[in-house]
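Following: one structure in structure tokens, then a few remarks.
The values are calculated or read from the model by the stated rules, or taken from the named source; none is laboratory data. None of these values were measured; they are calculated from a predicted model. Note that we place each Cβ from the backbone using ideal geometry, even for glycine, and neighbour counts take in every protein chain shown. In case anyone asks, the SASA skips ligands and DNA or RNA and just uses the protein heavy atoms, side chains included. Shrake-Rupley method; radii C 1.70, N 1.55, O 1.52, S 1.80 Å.
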Amino acid sequence: MKDENCIFCKIGAGEIPSYQLYEDDDFKVFLDLSPTSFGHALIIPKEHYKNLFELDDNIAAKALVLAKKIGTAMMQALHCDGLNILQNNGEIAGQTMFHFHIHLIPRYENDNTKIIFDQNSLNEEDAKKIQEEMARFI
Ligand code: AMP
Ligand code: ZN
């Protein structure tokens, strides 16, 4: 399924130009237009899925294999020193394009890229509560 108002559907179909790195029957990989690092790219499925929760299981499995393939090529081609893989779901989590995508963010010594979250100390009460609640749904 495609969404006629979705830019990433149009990029997937080749109706909007992109700096493409890779394409197969299911996916397109192209450079992010506002890169946080040299080589920052996005993996998208050609079909429209709003987020991870809607993603087809088969596509989900293939997506991580593809992230490994493209990430490995980035390490070799761009000589990056590391790689962040990032995937946002929901506005509060930073999602701005509501067509599932995976960020591939090559990292370099002394780059200015910041992927930051505060860290607290896990307490036993929270840990137990989370385990109990999660066990009801998994
Ligand atoms: P997110 O915040 O996870 O939804 O990320 C969306 C990403 O898509 C951002 O990093 C944007 O810079 C990028 N983006 C939006 N439109 C385009 C486009 N037409 N071509 C390439 N990247 C885009
Ligand atoms: Zn779409």
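When the residues of the stretch 18-54 are filtered to those that are under 21 Å from PRO106 (Cα atoms) and polar (S, T, N, Q), which remaining residue is surrounded by the most Cβ atoms within 10 Å (Cβ to Cβ)?
Residue satisfying both the conditions and the ranking: SER18.
Please verify whether the stretch 123-138 includes one or more residues that are away from ligand 1 (no atom under 16 Å from the Cβ), among the aliphatic types (A, V, I, L, M) and under 23 Å from LEU55 (Cβ atoms).
Within the stretch 123-138, one or more residues are away from ligand 1 (no atom under 16 Å from the Cβ), among the aliphatic types (A, V, I, L, M) and under 23 Å from LEU55 (Cβ atoms).
Among the residues of the stretch 47-103, how many are among the hydrophobic types (A, V, I, L, M, F, W, C) and either farther than 20 Å from THR113 by Cβ or in contact with a helix residue (DSSP H, G or I) (Cβ under 8 Å, 6 or more places away or on another chain) (or both)?
18
Within the set of pairs 6 or more residues apart or between chains, which connect a residue that is under 14 Å from GLU23 (Cβ atoms) inside the stretch 40-51 to a residue that is among the basic types (Lys, Arg) and surrounded by 19 or more Cβ atoms within 10 Å (Cβ to Cβ) with Cβ atoms less than 8 Å apart?
Listed pairs, sorted by first residue: ILE43/LYS28; ILE44/LYS28; LYS46/LYS28.
Tally time: how many residues in the stretch 89-104 are open to solvent by 30 Å² or more (accessible area, probe 1.4 Å) and within 6 Å of ligand 1 (Cβ to nearest atom)?
Looking only at that region, the number is 3.
Mind checking which residues of the stretch 18-31 are near ligand 1 (Cβ under 8 Å from one of its atoms) and under 21 Å from ALA60 (Cβ atoms)?
Answer for the stretch 18-31, where residues must be near ligand 1 (Cβ under 8 Å from one of its atoms) and under 21 Å from ALA60 (Cβ atoms): just PHE30.
Let me spell it out: the conditions are (1) of a type in the set (Asp, Glu); (2) away from ligand 1 (no atom under 14 Å from the Cβ); (3) farther than 24 Å from ARG107 by Cα, and GLU15 meets all of them except one. Which number is the exception?
(2)
Quick one: what pairs do we get from the stretch 62-84, first residue closer than 10 Å to GLY39 by Cα, second open to solvent by 80 Å² or more (accessible area, probe 1.4 Å) and not in a helix (DSSP H, G or I), C-beta under 7 Å, 6+ apart or different chains?
Matching pairs, first to second residue: LEU78/PHE38.
Determine, yes or no, whether LYS10 is more than 24 Å from ILE115 (Cβ to Cβ), open to solvent by 50 Å² or more (accessible area, probe 1.4 Å) and either within 14 Å of ligand 2 (Cβ to nearest atom) or under 16 Å from the mean Cα position of the chain (by Cα) (or both).
yes
Away from ligand 2 (no atom under 16 Å from the Cβ) and either among the basic types (Lys, Arg) or at positive phi (or both): is that true of LYS62 in this structure?
Considered against the rule, which asks whether it is away from ligand 2 (no atom under 16 Å from the Cβ) and either among the basic types (Lys, Arg) or at positive phi (or both), LYS62 comes out as yes.
Which numbered condition in (1) open to solvent by less than 50 Å² (accessible area, probe 1.4 Å); (2) within 28 Å of GLU4 (Cβ to Cβ); (3) more than 16 Å from ligand 2 (Cβ to nearest atom) is the only one that THR113 fails?
It fails just one condition, (2).
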